[in-house]
Amino acid sequence: MKVLTNGRYRKLTPKEYFRLMGFSDSDYELLAMNGISKTQIYKMAGNSIVVTVLEHLFKQIYTPGTQSIDSLKKKSLDILNTL
């Protein structure tokens, strides 16, 4: 992905990709400090799911204390079947 900055296009940094996916800067820095290459970090960000989207999905599927595991499985399958 490229963004327009000061009239020029530039590629997003791995840290910016991680931010778009809902991760913190410290998550990125931990990977960088442990010698993970920028290429691998780009791949990790691309293979992830946006954290807030996942949280929203879980909230739609599960209401604490009101459902059994079997009913959660059924509700999950029902949601998938509507896609």
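Coordinate-derived values only; no laboratory data. This one's a predicted model, so the numbers in the text were calculated from it and none came from an experiment. Neighbour counts are summed over all protein chains in view; Cβ atoms, including those assigned to glycine, are modelled from backbone coordinates with ideal geometry.
Remark: relative contact order (the chain) = 20 percent; criterion is Cα-Cα distance under 8 angstrom and separation of 6 or more residues. Around the Cα centre of the chain, unit charges on the Cβ atoms of Lys, Arg, Asp and Glu (plus for the first two, minus for the last two) sum to a dipole of about 420 debye.
Recomputing percent of Cα pairs over 16 Å apart from the coordinates shown identifies the correct label among (i) 47; (ii) 51; (iii) 65 as (iii).
Ranking Val51, Val3 by Cβ neighbours within 10 Å, fewest first, what do you get? Walk me through the numbers before you get to the answer.
Details: Val51 13, Val3 10.
Taking fewest neighbouring Cβ atoms as first place, the list is Val3, Val51.
Placing unit charges on each Cβ (+1 for Lys and Arg, -1 for Asp and Glu) gives the chain a dipole about its Cα centre, and among Gly46, Ile79, Asn34 the Cα reaching farthest toward its positive end belongs to Gly46. For a straight C-alpha distance cut-off of 19 angstrom, the lysines reachable from Lys73 (same-chain residues fewer than eight places away being disregarded) are Lys59. Rounded to the nearest 20 debye, the dipole size of segment 1-48 about its Cα centre is 340 debye, using +1 on the Cβ of Lys and Arg and -1 on the Cβ of Asp and Glu.
Within a Cβ distance under 12 Å of Tyr28, other residues only, what is the Lys/Arg minus Asp/Glu net charge?
-1
FRET efficiency for the Asn34 to Leu57 pair, using the beta carbon distance and R₀ = 30 Å, is estimated at 0.55.
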